[in-house]
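Novice: This is the structure, below, for whatever I ask next.
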Amino acid sequence: MVSPPLTARSAAVLAWWEPVRRDLPWRQTRDPWAVLVSEVMAQQTQVARVAERWGPFVERFPSPAALAAEPLAEVIRWWRGLGYNRRAVNLHRAATAIVEHHGGRVPDDLSGLLALPGIGAYTARAVLAFAFEHDHGIVDTNTARVLARWAGERLGPRAVQHAADAEAPAGGAWAWNQAMLDLGATVCVRREPCCGDCPVTEHCRWGADGRPTPDPSDGTAGVSGGQSTFAGSDRQGRGRLVDALRSCDVTMSELAVVMGWPDDPDRAERVAGTLVADGLAAAGDGTYRLA
């Protein structure tokens, strides 16, 4: 079957992308597990940090079975520096489910991927597009921002996914989605987009209208807003405790100091309890340890 010709916009984006594409290590593989790991790592974590940690992690845990066979504590130790340790828990649970329900092979269908713990719509479609090269459009904060600006209007969940799927060229979803990610990350950025460097300014309704306020990407489904302040937050305390637990257990008497709140032991105990509830830590005999 012959694929339909590219639209002018698709052709322009792909022509722009080829010489400027980011050299990311996971783009060199079609191994579904390696792609899945890269996508889970990249959730709210800088690409440069993921590029540094992805290779060693996949070498240490080269398959779902290899990860599932290890204690969760070992996976959390290897997750150091990647933020949001709950994602390590979800990846461990997903690997276990893949082994138990899919014979150790990452599913190659949307329903199978979405049934895995911690795997949402974006990650599932990214695995299908980047590992299996299926014709799916992906919606993350970068691609959704581009699509909303092209449309010149705020897009809800169904509309933005429909737009992503409609734009993906038949038989070319791998390159198209990679190009869209790079366009949103380097040109069509959240603040002060580089419209002069954009290959498709003539196809962007928001740009053609003079970039009026409000930006249509604000409030579009899939576009993340700014994060709350990290310094002094519960998230910071959780991170400090997990970092400490990677080296040794922490006693109740040490807890508040380790978490950065020496004068607020009640807060420290409350926040530590959320780590236990999330499966990241375990408590007993007055001591906290990795789960």
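Taken together, the values in this text are just the output of simple stated rules run on the coordinates, not laboratory data. Everything numeric here is computed off the predicted structure, so don't read it as measured data. Note: ideal-geometry Cβ built from the backbone for every residue, glycine included; neighbour counts use all protein chains shown.
Novice: Counting Lys and Arg as +1 and Asp and Glu as -1, each charge on the Cβ, what is the dipole of segment 148-281 about the Cα centre in debye, to the nearest 20? Show your work: numbers first, answer last.
Specialist: Working: 13 positive and 19 negative charges, 41 e Å.
Computed about the Cα centre, the dipole is about 200 debye.
Novice: Once the Cα gyration tensor of segment 112-165 is diagonalised, what are the square roots of 5 times its eigenvalues, in whole Å and ordered largest first, as equivalent ellipsoid semi-axes? Don't jump to the answer; show the numbers that get you there.
Specialist: On the way: eigenvalues 95, 28, 14 Å².
Whole-Å semi-axes of the equivalent ellipsoid: 22, 12, 8.
Novice: What is the magnitude of the charge dipole of segment 31-130 about its Cα centre, with +1 placed on the Cβ of each Lys and Arg, -1 on the Cβ of each Asp and Glu, and no other charges, expressed in debye to the nearest 20? Kindly include the intermediate steps, with their values, before the conclusion.
Specialist: Numbers: 10 positive and 9 negative charges, 76 e Å.
Roughly 360 debye, rounded to the nearest 20.
Novice: How big is the shadow of the Cα convex hull of segment 234-290, averaged over all directions, in nm²?
Specialist: Working: hull surface 12.7 nm².
With every direction weighted equally, the projected area is 3.2 nm².
Novice: With r as the distance between the Cβ atoms of Gln46 and Ala8 and R0 = 30 Å, compute the FRET efficiency 1/(1 + (r/R0)^6) and round to 0.05.
Specialist: Details: r = 34 Å, r/R0 = 1.12.
Calculated transfer efficiency: 0.35.
Novice: If you stretched the chain out fully between His102 and Ser224, how much longer would it get, using 0.36 nm times the residue separation minus the C-alpha to C-alpha distance? Intermediate values should be presented prior to the final figure.
Specialist: Numbers: separation 122, 0.36 × 122 = 43.92 nm, distance 3.23 nm.
So the extension gain works out to 40.7 nm.
Novice: Can you give me the Kirkwood hydrodynamic radius for segment 191-291, using every pair of distinct Cα atoms, in Å to one decimal?
Specialist: Values: mean 1/r = 0.0591 Å⁻¹.
The answer is 16.9 Å.
Novice: Then there's this: With label points built 7 Å along Cα→Cβ from the Cα atoms of Ala170 and Asp264, find their separation and express it in nm.
Specialist: Between Ala170 and Asp264, the simple spin-label model gives 5.8 nm.
Novice: About the Cα centre of the chain, what is the dipole size in debye to 20, counting +1 per Lys and Arg Cβ and -1 per Asp and Glu Cβ, all else neutral? Provide the component values of the computation, followed by the final result.
Specialist: Numbers: 30 positive and 34 negative charges, 37 e Å.
Dipole size: approximately 180 debye.
Novice: Could you state, as a whole-number percent, how many of the C-alpha pairs of segment 31-130 are farther apart than 21 Å?
Specialist: For segment 31-130, the share of Cα pairs beyond 21 Å comes to 23 percent.
Novice: Short version: ³J(HN,Hα) in whole Hz for each residue of segment 144-158, in order, from phi by Karplus 6.51 cos²θ - 1.76 cosθ + 1.60 (θ = phi - 60°), x for Gly and Pro, what are they?
Specialist: After applying 6.51 cos²θ - 1.76 cosθ + 1.60, I find 5, 4, 4, 4, 5, 5, 4, 6, x, 7, 5, 10, x, x, 5 Hz.
Novice: Select from Ala291, Ala179, Cys248 the residue farthest towards the positive end of the dipole of the chain; place +1 on Cβ of Lys and Arg, -1 on Cβ of Asp and Glu, and compute about the Cα centre.
Specialist: Value: Ala179.
Novice: Each residue of segment 236-245 in order: what ³J(HN,Hα) in whole Hz does its phi give by Karplus 6.51 cos²θ - 1.76 cosθ + 1.60, θ = phi - 60°, with x for Gly and Pro?
Specialist: Couplings: 5, x, 4, x, 4, 5, 4, 4, 5, 5 Hz.
Novice: Which part of segment 228-255 falls in the paramagnetic zone of Thr287, meaning amide N under 16 Å from the point 7 Å along Cα-to-beta-carbon?
Specialist: Counting only backbone N, you get 244-255.
Novice: Report Rg(Cα)/(2.2 N^0.38 Å) for segment 40-84, keeping two decimals. Spell out each step's value before the answer.
Specialist: Numbers: Rg = 10.5 Å, N = 45, 2.2 N^0.38 = 9.3 Å.
Against the compact-globule rule of thumb, the ratio is 1.12.
Novice: Given the DSSP H assignment, sum -39500 (n - 2.57) over each helix run of at least 4 residues in the chain and divide by its residue total; what's the result at 222 nm in deg cm²/dmol, nearest 500?
Specialist: Value at 222 nm, helices only, nearest 500: -15500 deg cm²/dmol.
Novice: What order do you get for Asp209, Asp140 when you list them from fewest to most C-beta neighbours inside 10 Å?
Specialist: Asp209, Asp140
Novice: Let me ask you something else. May I ask for the net charge around Phe61, where only other residues with Cβ less than 10 Å from the Cβ of Phe61 are counted and Lys, Arg are +1 while Asp, Glu are -1? Walk me through the numbers before you get to the answer.
Specialist: Values: positive: Arg60; negative: Glu59, Glu70, Glu74.
Net of charged neighbours comes to -2.
Novice: Of Thr213, Thr186, Thr141, which has the largest mean-square fluctuation in a 10 Å C-alpha GNM of the chain?
Specialist: Thr213
Novice: Which of these, Trp261, Trp150, Trp78, has the largest mean-square fluctuation under a Gaussian network model of the chain (Cα springs below 10 Å)?
Specialist: Highest fluctuation of the listed residues: Trp261.
Novice: Arranged by the count of other C-beta atoms within 10 angstrom, fewest first, what order do Cys195, Cys204, Cys188 take?
Specialist: Exposure proxy ranking, most exposed first: Cys195, Cys204, Cys188.
Novice: Which residue, Ala175, Ala185, Ala208, has the most motion in a Gaussian network model of the chain that connects Cα atoms within less than 10 Å?
Specialist: Highest fluctuation of the listed residues: Ala208.
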